[in-house]
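One structure is given here, and the rest of the page talks about it.
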Amino acid sequence: MSPLRQHEVRAHWERAAAQHGGELPATTKTDTAKRLEIDALARALAARGIAERSDAEVLEVGCGNGHNLRALAARFPKLRFTGVDYVAGMIAAAEGWRAASPDAGRLAFHTGDALELASLPALRAHYDAVLTDRCLINLGTTPRQQRALLEIGAKLAPGGWLFAIENSLRSYALQNDCRERVGLPRRTPAAFNCFLDEDALFPAVAEALELVAIDDFISLHDLALYVLVPASNGGVVDYAHPLVEIATRLELAMPDELRGAFGLFGQNRLYSLRRREPR
């Protein structure tokens, strides 16, 4: 992506921050997907033993207006959270609600770029976990995504974890296959989005980060939203359709042993990567 195009990406998020402030629509279109994203991040923090540590520090890169960290701080009272975003308006919105939050002392927000984490003096040297949520897809190219992952890897403490919710070319293609099978046209990614090419991205950073697990936490939701509902109502994607809410509630209630039972059809996947120790 050209520097001009990157400027357009930043302008898009600056407009979103100005229009929506600390509200959900600043970073996503649907409450149902956001509930599933927060649940997936919370389960990842718990599964890797981070949630119960009283000394753990968690960083979110590309935190937007802090919606994720507000929810996670309320859920995990022992953790300390820091958010970084390159849009000053997003950080201003996050600071706006943080000031009135009962968790304000465990939350901090700073303006900064995912590609320049090492140069941000406000950040700690290392974090026990780093989160991203549809951040890497805004970087435009796979090499820029690789660079961001290496920046993040350098911020992880020994044995630290990266939990990245990002859009996947692989699962998106399978979702489109489903659409074609019910007579719908294939969808294309939104403007500025560079979905992750897993086969190119993760091997390129494998010396620093080990891909340990993938959670397909949103497949049923996306099948309902992008396939079943449009197939029944003339091709319209209806974020408020009752079937989307039912699919969300069902995925949230699934026991761990059945997670992933709905296949690889979600736009987003949660990638759990662990910092590798130098040889």
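The numbers here are math on the coordinates, done by the rules we state, and not lab data. Because the structure is predicted, anything quoted here is derived from the model rather than measured. Positions of Cβ are backbone-derived with ideal geometry, glycine not excepted, and every protein chain shown enters the neighbour counts.
For the pair A190 and L258, the difference between a 0.36 nm per residue extended length and the Cα-Cα distance amounts to 21.4 nm. Note on H241, H126: ascending count of other Cβ atoms within 10 Å places them as H126, H241, the fewest first.
Using Cβ counts within 10 Å as a stand-in for footprinting exposure, how do R15, R274 rank, fewest first? Spell out each step's value before the answer.
Working: R15 13, R274 17.
Exposure proxy ranking, most exposed first: R15, R274.
Arrange the following residues from fewest to most other Cβ atoms within 10 Å of their Cβ: C178, C194.
On the way: C178 17, C194 20.
Exposure proxy ranking, most exposed first: C178, C194.
According to the Cα-based calculation, Rg over Rh for the range 3-216 is 0.95, with Rh computed by the Kirkwood formula.
Qualifying GluC sites (Glu not before Pro) in the range 24-127, where qualification requires a DSSP coil assignment and no more than 14 other C-beta atoms within 10 Å, comprise E52.
Ranking A114, N68, L136 by how far each Cα lies toward the positive end of the dipole of the chain (charges on Cβ) leaves A114 at the top.
Estimated from helices alone, the mean residue ellipticity of the chain at 222 nm is -12000 deg cm²/dmol (sum of -39500 (n - 2.57) over DSSP H runs with n ≥ 4, per residue).
DSSP loop (so not H, G, I, E, B), at most 14 other Cβ within 10 Å: list which GluC sites (Glu not before Pro) in the range 174-213 pass both filters. Those that pass, being in a loop and sparsely packed, are E207.
Is there a quick way to get the dipole size of the chain? I mean about its Cα centre, with the Cβ of Lys and Arg at +1 and of Asp and Glu at -1; what is the value in debye to the nearest 20?
Values: 32 positive and 35 negative charges, 35 e Å.
In total the dipole reaches around 180 debye.
Before anything else, pin down the relative contact order of the range 3-216: Cα pairs under 8 Å, at least 6 apart, normalised by residue count, whole percent. Don't jump to the answer; show the numbers that get you there.
Numbers: 327 pairs, mean separation 38.6, N = 214.
It comes to 18 percent, rounded to a whole number.
Rounded, prolate or oblate: which one fits the range 1-99, using the alpha carbon gyration tensor with axes a ≥ b ≥ c (rounded when a/c is under 1.5, else prolate when a/b beats b/c, else oblate)? It is prolate, given that a/c is not under 1.5 and a/b is the larger ratio.
Here K155 is the anchor, and the aspartates and glutamates within straight C-alpha reach of less than 16 Å, apart from those fewer than 8 places off in the same chain, are E57, E60, D85, D113, E116, D128, E207, E210, E277. Pairs of Cα atoms nearer than 8 Å and 6+ residues apart set the relative contact order; for the range 195-279 it is 50 percent.
Given contacts defined as C-alpha pairs under 8 Å and at least six residues apart, what's the relative contact order of the range 158-199, whole-number percent? Let's see the in-between values first.
Numbers: 22 pairs, mean separation 20.9, N = 42.
Rounded, it is 50 percent for the range 158-199.
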